[in-house]
Amino acid sequence: MESVPTNQTKVADRVLARIAEIGDMFAIEGEFVDGKEIQSGHINTTYCATYRKSDGTEDRYILQKINSNVFKDPRAVMRNVEKVTRHINWKVLRRRTDSAGQTLNLYPARGGRNYIELPGDGIWRCYNYIEGTHTYDIAENTRQAYQAGYAFGSFQDLISDMNPSDLVETIPGFHDTRKRFDRLMEVARLDPVARLESCREELDFIRQREKDVDVLLDLQKAGRLPVRITHNDTKINNVMLDEETDQAVCVIDLDTVMPGLVLYDVGDMVRTVTTPAAEDEEDLSKVRFRISMFQSIIEGYLDAASGFLTQEEIDFLAFSGKLITLEIGIRFLTDYLEGDVYFKTSKPDHNLIRCRTQLKLVSCLEAQMEEMEKFVQKRAKAIK
């Protein structure tokens, strides 16, 4: 799931009828009374549906269609989600009292599977909605940053004993930064929709940092960084927090859970939590790096995950933030040059704006990299 329903909109009657039709294909108790669209997220189509039971109480559910243009094998996505949620919920129920890393539960379809497949309309699934929780698109304080780090650290800890080969790589080369870089250069050369002249400065910025794209890949090839099961979309709005306490309750959006490096997850947390600016902020003066947020992420993450991390992984926690921020900038610029074929956009230069915010944050991270690395080592030693 891409986000909790904090950003909902009314939908047309025909869409309401469609939501009810889809919801009724799952083992949901009660009668459909309302539905709203969740606009957060770049990829999938998501609705929140409300059902009223015979005793008058109401429950909400998340109905989501997997984007088959992005996920070429949506059945493999569902198999990955099923394996991970089953493993996590088993461990949370039996071995842990701390639930910060738990995940949502899939509701079975009436045919027995955990999804439905509709001709011409793809694969839909249903999750429970956890009441009393919310999410943030931008971290407002260090407590929220700590909870995000702790939640994803707990998530990784809970699945650290799973075999990565049991999961399918649903988006091959998702974090292959060398391939991402080379693809951008190829698209820039072809310039298929004649946009190159508007982004030469951004392209040059990325070219100057080509050496960075191979760092983690080379360490992985050398056997110095282990392949684990990772989340691969660790934005703060993929952590559900308690409405009253802001304590982490649940990690969501598992479509990209697959084999990878834990550093990719940490890097995306750094990218999305440390800046007060939105991902598509046009005023680049608002894009800055908050060292206090970084420190809180690392504190939370290491408190939850230090038990299974290697020293090599710890050594590159700070660098991972710069790398993933650069990678996302590369992806936004590639999509812009290709004509906006991957990410949802609301204006012609949306992906270019997104790219610029990422590259500005890369510059901010570079300026404080030494301080970041010192803090990581100090915190890791304190825990040991």
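Only the coordinates and a few stated rules stand behind these numbers; no lab work does. What you see is a predicted model, and the numbers here were worked out from it, not measured in a lab. Glycine gets a Cβ as well: all are built from the backbone with ideal geometry, and neighbour counts include every protein chain shown.
Structure data summary
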read-out	value
The stretch 94-232: Cα Rg divided by the 2.2 N^0.38 Å rule of thumb	1.44
Cross-link reach list, lysines versus residue 83, counting only Cα pairs under 23 Å and skipping chain neighbours closer than eight places	65, 72, 91, 235
The chain: angle of helix 13-23 to the longest principal axis, Cα-based, in degrees nearest 10	90
Positive-end residue of 194, 146, 85, charge dipole of the stretch 55-211 with Cβ unit charges	85
Per residue, the convex hull volume that the Cα atoms of the stretch 280-383 enclose (Å³)	115
Note, ³J(HN,Hα) from phi for the stretch 108-113, Karplus 6.51, -1.76, 1.60, rounded to Hz, x at Gly and Pro	x, 6, 5, x, x, 7
Simple label model, 7 Å out from Cα along Cβ direction - residue 89 to residue 52, nm	2.8
Bins of 10 Å from zero: percent of alpha-carbon pairs in the chain	5, 23, 33, 26, 11, 2, 0
Proportion of all alpha-carbon pairs of the stretch 188-321 beyond 27 Å (%)	33
Mean ellipticity per residue at 222 nm, deg cm²/dmol - from DSSP H runs of n ≥ 4 across the chain, formula -39500 (n - 2.57)	-14000 deg cm²/dmol
